[in-house]
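Everything on this sheet refers to the single structure shown next.
The values are calculated or read from the model by the stated rules, or taken from the named source; none is laboratory data. The shown structure was predicted, so the numbers you read here are calculated from the model rather than taken from an experiment. When we count neighbours, we look across all protein chains shown, and the Cβ atoms used for this are built from the backbone with ideal geometry, even at glycine. Accessible surface areas use protein heavy atoms only, side chains included; no ligands, DNA or RNA. Shrake-Rupley method; radii C 1.70, N 1.55, O 1.52, S 1.80 Å.
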Amino acid sequence: MLISQGHTMSELLSHVRGPSYCIRSENVKCMADCSSFVSNISFPSLTLKTTTRMIMQRLHLESSGSGVQCYKRGHRVIVGASPSTEDAVIATAPLTKEDLVAYLASGCKTKEKWRIGTENEKFGFEIKTLRPMKYEQIANLLNGIAERFDWEKIMEGDNIIGLKQGKQSISLEPGGQFELSGAPLETLHQTCVEVNSHLYQVKAVAEEMGIGFLGIGFQPKWGVKDIPIMPKGRYEIIRNYVPKVGSLGLDVMYRTCTVQVNLDFSSEVDMIKKFRVSLALQPIATALFANSPFTEGKPNGYLSMRSFLYVSPVKSGLITITIALACFPLFLMTPLAMINPQIFFSGHRFERYVDYALDVPMYFVYRKKKYIDCSGLSFRDFMSGKLSPIPGELATLNDWENHLATIYPEVCGQVGILYDEVSLQSVLDITADWTPEERQMLRNKVPKSGLKTPFRDGLLRHVAEEVVKLAKDGLERRGFKESGFLNEVAEVVRTGVTPAEKLLEMYHGKWGGQSVDPVFEELLY
């Protein structure tokens, strides 16, 4: 499964409004910033971001709640918080690299078992002041949804930090971004129904509280200092470490939103094909769904500020490769891990990824229901019992899963392409002779120039036309009548105008060029 992370529901779905929230356009946080493999190549959005799903084994898709503890309080079921898995297993012997490779390989699934798992984030804000939701408001919202719609509460100490219902979960991101981690589903129609149901429930409670939700890739009005801090243990560790490795890391944590998709793969060979295609499609996905042109109340010079943050490793502390998936309109994007794509181009890819992940600095270890700060330390040392904060303690596969979930390469995957062999091979053929320099050029320029980025004898828009056609063909061959989800994306390609450019036109036109406040109404869910 490929995970994609990178943009927001808006950059994914654009601004979805009205009786049906299914189609409209924008970026898919395809967080476009994915399964059994992660396009979060979700090996996570961004993730895996901070959701509780594993990155590889169902490639995130199946378990956003694995390892949780349940207990009764009155007639309500409360779910105790944990990272992707609890530390219930005590290691009696050191892990080997073969153990770690086998863990990744266990994510392979036969084609009939491939599923689509989506994750989407939204910015909550006070309708009267436009200020971000405070934790107390989020807690009231979560409690309201739990009581009215029968969700189980996820607690960390005395704080409610999420909800769980079946294979779906709602979680709280570092800056209060509100995320739905969906169930593994077979078709895009099912994902659409899932998102609609989620938005209905959230709005039913939030509107009574004077709370709205904004679909956009980057917080358009408020600075980092204005974003309330969420009471989750792991976030404190990450918050303290990120500024040590990049000046924009806190912006990524607190001011970006994303939509992610988790997809499956059948084998190591299948995984590498999907990964290569996803890397190649990243700039196209960014261009199609670019939707973050404002920073602190003014145009920021980019069509996708969110993607700029992820392609600026010196500033953000991340090295990302974007993946876009066509789940809602066309692509869902998500940052997968900080990864060198060359490790997948030859040799044993699972083993190479393990070698890579072993050298990515750790954030924390979870023991006795507490997060222990191990930021900057090595998982290799952990396997040998040499972590200074917990000397002699040996790593378990649960710890490996938690570590993988903190790695974010950015890749872009598309259901109509990655789940269709003909379209998958066609994209491989189209991109086979793209040079490393051309790929890097696209990643650098697309956040500013979008589909108008020059490429070879034309524009990136011309390549996007081919990709969208292949995606449509692939969806039609799936036989679920899903190609209509590409209509909004096809229109972006036809006109060459991205969602961000439409917002900038309104800013300089009917908004008067003085304030971005109207965007909260324009992109209100």
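With r as the distance between the Cβ atoms of Asp457 and Thr92 and R0 = 56 Å, compute the FRET efficiency 1/(1 + (r/R0)^6) and round to 0.05.
Approximately 0.35, to the nearest 0.05.
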Measure of exposure for Lys164: accessible area at 1.4 Å probe, Å² rounded to 10, is 40 Å²
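Can you work out the FRET efficiency for the pair Glu186 and Arg148, with r the C-beta to C-beta distance and R0 = 41 Å, to the nearest 0.05?
Numbers: r = 28 Å, r/R0 = 0.69.
Computed FRET efficiency for Glu186 and Arg148: 0.90.
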As straight-line cross-link partners of Lys469, the qualifying aspartates and glutamates (C-alpha separation under 17 Å, not fewer than 8 residues apart within one chain) are Asp420, Glu421, Asp429, Glu482, Glu488, Glu491
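Using the Kirkwood formula on the Cα atoms of the range 122-279, what hydrodynamic radius do you get, in angstrom to one decimal?
Values: mean 1/r = 0.0580 Å⁻¹.
Across the range 122-279, the inverse of the average 1/r is 17.2 Å.
How high is the FRET efficiency between Arg131 and Arg494 when r is their beta carbon distance and R₀ equals 45 Å, given to the nearest 0.05?
Numbers: r = 38 Å, r/R0 = 0.84.
Using R0 = 45 Å, I get an efficiency of 0.75.
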Reported to the nearest 10 Å², Trp151 has, with a 1.4 Å probe, an accessible area equal to 10 Å²
Once both label points are put 7 Å beyond Cα along the C-beta direction, the Gln165-Val422 separation in nm becomes 3.9 nm
Sorting Asp99, Asp420 on solvent-accessible surface, 1.4 Å probe, most exposed first, gives Asp99, Asp420
With label points set 7 Å from each Cα along the Cα-to-Cβ direction at Arg380 and Ser515, the distance between them in nm comes to 5.6 nm
